[in-house]
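The values are calculated or read from the model by the stated rules, or taken from the named source; none is laboratory data. All of these numbers come straight from a predicted model, not from anything done at the bench. Methodologically, a virtual Cβ is constructed for each residue, glycine included, from the backbone with ideal geometry; neighbour enumeration extends over all protein chains shown. Protein only, heavy atoms only, side chains kept; ligands, DNA and RNA dropped before computing areas. Shrake-Rupley method; radii C 1.70, N 1.55, O 1.52, S 1.80 Å.
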Amino acid sequence: MKFNNEQYRAVTHRDGPMLVLAGPGSGKTAVIVGRVLHLIENEGIDPGSILVLTFSRAAADQMSRRFRSKADETYPVTFGTFHSIFYHILKSQGLYRSGEILTNKKKTEILKRILGRTGAGIFEDPAGLSRMTECISIKKMGINRLLDELNDDEKACLELIFEPYLRQCREEGLLDFDDMINDCLKMLKSNDKILEKWRSRYRYFLVDEFQDIDSRQYEVLRLLAGKEQNIFCVGDDDQSIYSFRGSVPDVMKRLKDDLLDLSVLKLVYNYRCPQEIADTAYKLISNNKNRFDKRQSCINEAKKDCVTYHLVHTAEEEAGFCLSVLNEISVRMKKDGSKKETTGILYRISQSGDIIEESLRKNGIPYVRKDSREGFYDKEWVKDITAYLRLAVTDSREALLRILNRPFRGLTRECMTGEIADRRAMLEYYRGDDESVRILSRLFKDMDFIRDLNCYAALNYILKGMGMCRYIGERYFKNRKTDLEEAIEDITDRSRAYMGIREWLNAIDSKETKAGDNADNNRERDESIYLMTIHGSKGLEFDNVFILGLQEGVFPGKHCVTADAMEEERRLFYVAMTRCRKHLFLVGRRKDSYGKRESRFLAEAGFKDDII
């Protein structure tokens, strides 16, 4: 294995703690693998005493495979996640059994039952269940700063469900990942005999992505390392983006304070990004105060002008820009006969990928979407809207049943007979009830009116002319004005992509439109275009990268009310930018009717004179 000077110093470090600040594309995996080989083959260290820790099973498997491919023989080095190692320690001490681990499916089932009993229906949808799972974990970990950031609804719901959740898990003998960490830490701190047993087992610790560690994992690591403190940490505080899991870059600073003989080394060469992208990303991340300063020199000899920004007014224009650039890339590759390039289309929140996904599908462009999400058209409030559209162009009894009293009209289901929405029969049912006849006649008149409108106009009439905007806000968004505004903006943007109502409904009804139904789009094939959240892109790289939704309130998010939260959003943008090998496209949104404007990050990245 070949190394530059800084990598070689890291690989050949012998004993004692070392922190390696490894920026994007700096070869951190090669350094970790090279160091393990060096310890075994050049320093004579027992391979069974070496523990390599990562934060995901996929990363652990990849690291292990990389090591096996470089080693001349099979060495019994342990590669694993923090959770798998904690579980192994607890199980070895007879404290855990395999059947006791709480799966995500079982956790969801328990939460659904508890939410049903407590009446906290606002969190019973998939997104709400996921959020309450996070809240329970935050409370178990005791992260006060995250508890303080919960909104009133989340705090109230957590208060209702936390103890019943713990009680239910105890009754069924189930433990989750947070229990593994807490129980392992408690055992090692309270039992010197067990602690010494595991200290003698592992003597050299290598930690990948150290910026993602939380305080409890760090404490277990320090305990296991003992007095020798042979802790070799590789990470980048500028890529710390998991505060919602308890990790913060402060732990890296804490390492420096706790271990006075700590060696700190910076890997200064970037083998992925062009210099222009690295410089733009550095300009952006330099606005953060709580960080180790580091600037990279790039080996990639890409052409200049590889960073482009573009401002649009709507999500539809955003998608149109992406499609035009993707077409240019395709034409260029065919003309040059060059190797197929990969493209990552990245966004802060999952819903930002929905419009571009629909556009790619409509234009027959193959892609893979990596982020899991609830289907937009499976949301209850969206089903209400589409039921109105469906009723306008069909005699759907199901659609009429759904919207008959949404908003409330005082009508009864008994007025509907047969298998279709028979208007004449319904009016006949209410003969003599002048008010009900008037209300029903107005509903049918509205349906006739919107039948021939384009999708955008029909949607606006349903929302404003028929009172559905107010109804949706009260029922589904509990009058949370900002959330309602974003929802209306989202569905309005979608409506612009279609002309006639039937065209939109056909797209909604197709398997491709509904999340989870199109299995082909959720498995790896030979497509070159990948859609995913920025969190999901961590550790990946692409020839071309689009970053969408660069608008205040979206990226940075609307919940960024503290300096620490804003610094993490900036780190997230930094991660997205540095996934790129060739061309980076930043897509911002101009000021809209809700007062949002383009993201401050565009100015911080150096486009101030052109934007502000």
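Take the residue pairs 253/289; 112/478; 105/362; 91/193 and return only those whose Cα atoms are more than 23 Å apart.
105/362
Over the range 391-484, what is the relative contact order in percent, taking alpha-carbon pairs closer than 8 angstrom and at least six residues apart?
23 percent
Taking θ = phi - 60°, what integer Hz values does the Karplus form 6.51 cos²θ - 1.76 cosθ + 1.60 yield along the range 540-548, in sequence order, with x for Gly and Pro?
Per-residue couplings from phi come out as 9, 8, 9, 5, 10, 9, 9, 10, 9 Hz.
Give the shape of the range 1-72 as rounded, prolate or oblate, defined through the alpha-carbon gyration tensor: a ≥ b ≥ c are the square roots of its eigenvalues, a/c under 1.5 means rounded, and otherwise the shape is prolate if a/b is larger than b/c and oblate if not.
Taking the square roots of the gyration eigenvalues as a ≥ b ≥ c, the range 1-72 is rounded.
Could you list which residues have their amide H under 5 Å from that of residue 310, counting only those 5 or more apart in sequence or on another chain, with H placed in the peptide plane?
Answer set, sorted by chain and number: 586, 587, 588.
Which is farthest toward the positive dipole end of the range 121-257 among 182, 162, 194, measuring Cα position about the Cα centre, with Cβ charges +1 (Lys, Arg) and -1 (Asp, Glu)?
With unit charges placed on the Cβ atoms, the residue in question is 194.
Would you calculate the separation in nanometres between label points at residue 323 and residue 423, each defined as 7 Å from the Cα along the Cα-to-beta-carbon direction?
That separation, rounded to one decimal, is 3.5 nm.
What is the extension gain from residue 314 to residue 93, computed as 0.36 nm multiplied by their sequence separation minus the C-alpha to C-alpha distance, in nm to one decimal?
73.8 nm
Between residue 289 and residue 398, with labels modelled 7 Å along Cα→Cβ, what's the label distance in nm to one decimal, could you check?
Spacing of the two 7 Å Cα→Cβ label points: 5.7 nm.
In whole Hz and in residue order, list the ³J(HN,Hα) couplings for the range 576-582 that follow from phi through the Karplus curve 6.51 cos²θ - 1.76 cosθ + 1.60, θ = phi - 60°; x for Gly and Pro.
Going residue by residue, I get 4, 4, 8, 7, 9, 9, 10 Hz, with x marking Gly and Pro.
Quick check for me: using +1 on Lys/Arg Cβ and -1 on Asp/Glu Cβ, what's the dipole size of the range 293-416 about its Cα centre, in debye to the nearest 20?
Dipole of the range 293-416, to the nearest 20 debye: 260 debye.
Note down the magnitude of the dipole of the chain about its Cα centre, charges +1 on Lys and Arg C-beta and -1 on Asp and Glu C-beta and zero elsewhere, to the nearest 20 debye.
Using only the charged Cβ atoms, the result is roughly 580 debye.
What are the residues whose amide H is under 5 Å from the amide H of residue 264, where those residues sit 5 or more places off or on another chain and H is modelled from the backbone?
Residues meeting the amide H criterion: 19.
Mind checking the full-extension length gain between residue 444 and residue 101? Use 0.36 nm per residue of separation minus the Cα-Cα distance, one decimal, nm.
Length gained between residue 444 and residue 101: 118.0 nm.
Given a Förster distance of 25 angstrom, what is the FRET efficiency for residue 196 paired with residue 43, based on the Cβ-Cβ distance and rounded to 0.05?
Step by step, r from the Cβ atoms, then E = 0.55.
Pop out the carbon and sulfur fraction of the accessible area of the chain as a percent, whole number, probe 1.4 Å. Could you put the intermediate results ahead of the total?
Details: 13550 of 28770 Å².
Within the chain, the accessible surface is 47 percent carbon and sulfur.
On full extension of the chain, what length is gained from residue 499 through residue 62, given 0.36 nm per residue of separation minus the C-alpha to C-alpha distance? Walk me through the numbers on the way to the answer.
On the way: separation 437, 0.36 × 437 = 157.32 nm, distance 4.75 nm.
152.6 nm is the gain from fully extending residue 499 to residue 62.
Please report the antiparallel percentage of the DSSP beta bridges confined to the chain, to the nearest 5.
Around 5 percent antiparallel, to the nearest 5.
For the range 266-308, what does the alpha-carbon gyration tensor say about shape, rounded, prolate or oblate, given a ≥ b ≥ c as the root eigenvalues, a/c under 1.5 as rounded, and a/b over b/c as prolate?
Working: a/c = 4.07, a/b = 1.45, b/c = 2.81.
In terms of gyration-tensor shape, oblate.
Match the structure shown to one of the listed values (i) 28.6; (ii) 27.3; (iii) 25.1 of Kirkwood radius over Cα pairs in Å, computed from it, and give that label.
So the structure-derived entry is (ii).
Read phi for every residue in the range 273-281 and hand back ³J(HN,Hα) as whole Hz from Karplus 6.51 cos²θ - 1.76 cosθ + 1.60, θ = phi - 60°, with x for Gly and Pro.
Result, ordered by residue: 8, x, 4, 4, 5, 4, 5, 5, 5 Hz.
Sequence gap at least 6, Cα distance under 8 Å: using those rules, report the relative contact order of the chain to the nearest whole percent.
Computed value for the chain: 17 percent relative contact order.
Determine the shape class of the range 267-399: with a ≥ b ≥ c the square roots of the Cα gyration tensor eigenvalues, call it rounded for a/c under 1.5, and otherwise prolate if a/b is greater than b/c, oblate otherwise.
Note, shape of the range 267-399 comes out prolate.
I need the calculated FRET efficiency for the pair residue 258 and residue 464, taking r as the beta carbon distance and R₀ as 45 Å, to the nearest 0.05. Don't skip to the end; give the middle numbers.
Details: r = 60 Å, r/R0 = 1.33.
The formula returns an efficiency of 0.15 here.
Per-residue counts of other Cβ atoms within 10 Å, averaged by peptide: what ranking do you get for 23-31, 378-386, 40-48, highest first? Kindly include the intermediate steps, with their values, before the conclusion.
Details: 23-31: 22.3, 378-386: 18.1, 40-48: 14.2.
Taking the mean over residues of other Cβ atoms within 10 Å, the ranking is 23-31, 378-386, 40-48.
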